[in-house]
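Student: I'd like to ask some things about the structure below.
The values are calculated or read from the model by the stated rules, or taken from the named source; none is laboratory data. This one's a predicted model, so the numbers in the text were calculated from it and none came from an experiment. Note that each Cβ is placed from the backbone with ideal geometry, even for glycine, and that neighbours are counted across all protein chains shown.
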Amino acid sequence: MITLGQKKKKREFPTAFTVLFIILVFAAILTYVVPSGRFSRLTYDDTTNEFVITDQNDETTMVPATQKVLDDFDIQLNISKFKEGVIKKPIAIPGTYTQIEQHPQGLIDVIKSPILGVMDSVDIMIFVLILGGIIGLVNKVGAFDAGIEALSKRTKGKEFMLVVLVFALTTLGGTTFGLAEETIAFYPILMPIFLISGFDAITCIAAIYMGSSIGTMFSTVNPFSVVIASNAAGISFTTGLTYRIVVLILGSIITLAYMYWYAAKVRKDPKASLVYDEEPAIRARFLKDVDTEGTIEFTFRRKLIIIIFSLSFIVLVWGVAFGGWWFEEMSALFLGVSIVIMLISGLSEKDAVNTFVDGAADLIGVVLTIGLARAINIVMDDGMISDTLLYYSINLISGMNGPLFAVAQLGVFSFLGFFIPSSSGLAVLTMPIMAPLADSVGLSREVVINAYNWGQGLMSFITPTGLILVTLEMAETTFDKWLKYIMPLMIIMGVFSVVALVIGTFI
């Protein structure tokens with residue numbers, strides 16, 4: 001019985017940490033239930049011009065790197081793919097799956113895995129911390145405040161164009177060079193702009209996260225998914241390119257229409273926002289240093305800082321797309337820009353350094369989420385159940401024909417994408433085995449490539465072991481709110497992918 005003055009405590013959805021830990025425990029339980037097993041792996045050693053065969057017991061054998069060896073192993077790839085460096089990662093050898101001694105992950109393994117996850121993800125974590133520091137500096141000097149005020153005046157009455165622009169740019173990045181983890185850098189910058197423009201946090205997340213997700217799902221020339229998958233399947237990535245571009249455009253239009261419907265509903269009635277109850281906390285975090293009254297002058301110093309800060313993102317995109325950059329180079333870029341901003345900020349040395357440190361501290365929760373997400377993959381890898389799940393999936397679709405085969409492949413890759421969030425890792429593991437199955441049912445191998453892209457991409461909308469929980473932690477939003485928003489769109493895109501796949505079998 002509730003007495004006068006008491007309020008019934010509202011049940012809250014668990015934080016990202018708790019959700020990830022529950023999944024971590026579930027993954028550990030799976031290592032007791034799912035049999036451990038492995039495929040033999042083949043790797044090319046360019047220093048000796050030999051193939052290194054690693055069996056289920058981690059014993060290695062060196063054999064000459066010849067086409068005959070590939071044919072003997074039923075690996076339907078040309079030897080040039082290895083010698084030219086197109087395929088660098090170990091690939092699974094068809095027909096070599098063997099069940100091995102069970103490797104259950106116990107309590108000690110579960111407790112250790114987040115520590116190992118942090119150690120394995122330290123490059124991403126450093127990037128996020130430096131990003132937090134530079135955001136703190138730009139906020140401190142009022143550059144964001146003045147910039148947001150100037151932008152809001154220019155976009156008044158055309159606010160949804162901001163959503164379209166951000167979505168289009170992140171989609172383009174996703175479909176061309178696999179823009180994904182790099183989007184973490186966008187939330188602290190764009191969230192205040194979206195909030196000031198009248199959108200809620202969900203719309204900002206969707207514009208950034210779904211932009212990159214739709215781009216990577218419907219990849220056209222992404223080297224980390226469609227290109228590496230096509231190479232591992234033994235076909236050119238240009239095969240079916242025109243059709244993939246058409247599907248990308250249609251998928252983007254569908255997603256933007258859904259985002260517009262939600263944004264318009266919230267603009268009409270703010271209480272319709274899925275994060276309406278959390279809005280004060282979200283605004284407190286992202287607008288705490290922002291002058292919403294628009295009284296800060298856009299001085300030359302602030303303009304210069306905004307220009308330098310914006311140029312750093314252009315350099316980042318260039319480095320990732322064309323310079324072979326990864327988190328080490330991206331972190332170095334932002335650290336260098338941070339130092340430049342400190343020098344021209346007008347802040348004292350002590351104030352500048354403390355501001356940078358405080359900004360980094362604001363994102364500690366985000367970096368710990370990254371480590372915990374990686375821990376799940378570590379438990380599954382150490383439990384050696386990923387290959388078993390692939391083996392079961394192969395047996396499930398064997399014997400299917402035509403469109404049914406294509407749709408089943410989509411389901412299989414969605415399932416595997418939950419457990420293997422790495423697009424390149426999933427491609428190299430599965431394609432040498434999955435692609436030849438298309439030959440047996442009279443379909444083009446590009447159908448398998450599309451099923452792989454669209455299936456894993458569809459699952460990435462909600463995969464906790466991927467980027468979504470890190471994104472939600474960054475945006476002060478819980479997983480249940482995201483699920484309420486994304487599930488209708490996920491169903492729509494699932495149906496769209498099935499239809500596109502079926503049509504693709506007749507082209």
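Student: Return the pairs, sorted by first residue and then second, in which the second residue is outside any helix (DSSP H, G or I), the first residue lies in region 242-255 and is farther than 14 Å from residue 501 by Cα, the beta carbons are less than 8 Å apart, and the residues are 6+ apart or on different chains.
Tutor: These pairs meet every condition: 252/218.
Student: Select, from 281, 263, 257, the only residue that is modelled with pLDDT of 90 or more, exposed (fewer than 14 other Cβ atoms within 10 Å of the Cβ) and part of a helix (DSSP H, G or I).
Tutor: Just one listed residue meets the conditions, 257.
Student: Please identify the pairs in which a residue from region 469-496 that is surrounded by 15 or more Cβ atoms within 10 Å (Cβ to Cβ) has its Cβ atom under 8 Å from the Cβ atom of a residue that is of a type in the set (D, E, K, R), counting only partners at least 6 apart or on another chain.
Tutor: Pairs found: 476/278; 476/285; 477/278; 478/12; 478/278; 481/278.
Student: Also: Would you confirm whether any residue within region 320-331 is under 27 Å from the mean Cα position of the chain (by Cα), part of a helix (DSSP H, G or I), modelled with pLDDT of 85 or more and crowded, with 19+ Cβ neighbours inside 10 Å?
Tutor: yes
Student: So, one more: Mind checking whether some residue in region 286-305 is assigned to a helix (DSSP H, G or I), of a type outside the set (A, V, I, L, M, F, W, C), modelled with pLDDT of 85 or more and surrounded by 12 or more Cβ atoms within 10 Å (Cβ to Cβ)?
Tutor: Checked against the condition, which is being assigned to a helix (DSSP H, G or I), of a type outside the set (A, V, I, L, M, F, W, C), modelled with pLDDT of 85 or more and surrounded by 12 or more Cβ atoms within 10 Å (Cβ to Cβ), region 286-305 yields no hits at all.
Student: Run residue 177 past the list (1) in contact with a helix residue (DSSP H, G or I) (Cβ under 6 Å, 6 or more places away or on another chain); (2) under 30 Å from residue 77 (Cα atoms); (3) modelled with pLDDT of 85 or more and report the number of the one that doesn't hold.
Tutor: Tallying (1) in contact with a helix residue (DSSP H, G or I) (Cβ under 6 Å, 6 or more places away or on another chain); (2) under 30 Å from residue 77 (Cα atoms); (3) modelled with pLDDT of 85 or more, residue 177 fails exactly one: (3).
Student: What pairs come up if the first residue lies in region 346-361 and is farther than 12 Å from residue 134 by Cα, the second is among the acidic types (Asp, Glu), and their beta carbons are under 7 Å apart, counting only those six or more places apart or on different chains?
Tutor: none
Student: I'd like the full set of residues that are of a type in the set (Ser, Thr, Tyr) and either at pLDDT 95 or above or more than 27 Å from residue 385 (Cα to Cα) (or both), limited to region 44-53.
Tutor: Within region 44-53, 47, 48 meet the criteria.
Student: For residue 495, are the conditions met, namely being more than 21 Å from residue 260 (Cα to Cα) and assigned to a helix (DSSP H, G or I)?
Tutor: Answer is no for this residue.
Student: So, one more: Considering each residue of region 198-219, count those that are more than 21 Å from residue 244 (Cα to Cα) and surrounded by 22 or more Cβ atoms within 10 Å (Cβ to Cβ), and give that number.
Tutor: Counting residues in region 198-219 that are more than 21 Å from residue 244 (Cα to Cα) and surrounded by 22 or more Cβ atoms within 10 Å (Cβ to Cβ) gives 10.
Student: While we're here: Here are some residues: 315, 340. Which one is in contact (Cβ under 8 Å) with a residue 24 or more places away in the chain and either of a type in the set (Val, Ile, Thr) or closer than 24 Å to residue 178 by Cβ (or both)?
Tutor: Working: 315 fails: in contact (Cβ under 8 Å) with a residue 24 or more places away in the chain.
It is 340.
Student: Okay, next question. Looking at region 238-254, which of the residues that are in contact with an Asp or Glu (Cβ under 9 Å, 6 or more places away or on another chain) and assigned to a loop (DSSP other than H, G, I, E, B) is nearest to residue 485 (Cα to Cα)?
Tutor: Selected residue: 240.
Student: Out of 56, 99, 76, report the one residue that is within 25 Å of residue 434 (Cβ to Cβ) and at pLDDT 90 or above.
Tutor: Of the residues listed, the single one that is within 25 Å of residue 434 (Cβ to Cβ) and at pLDDT 90 or above is 99.
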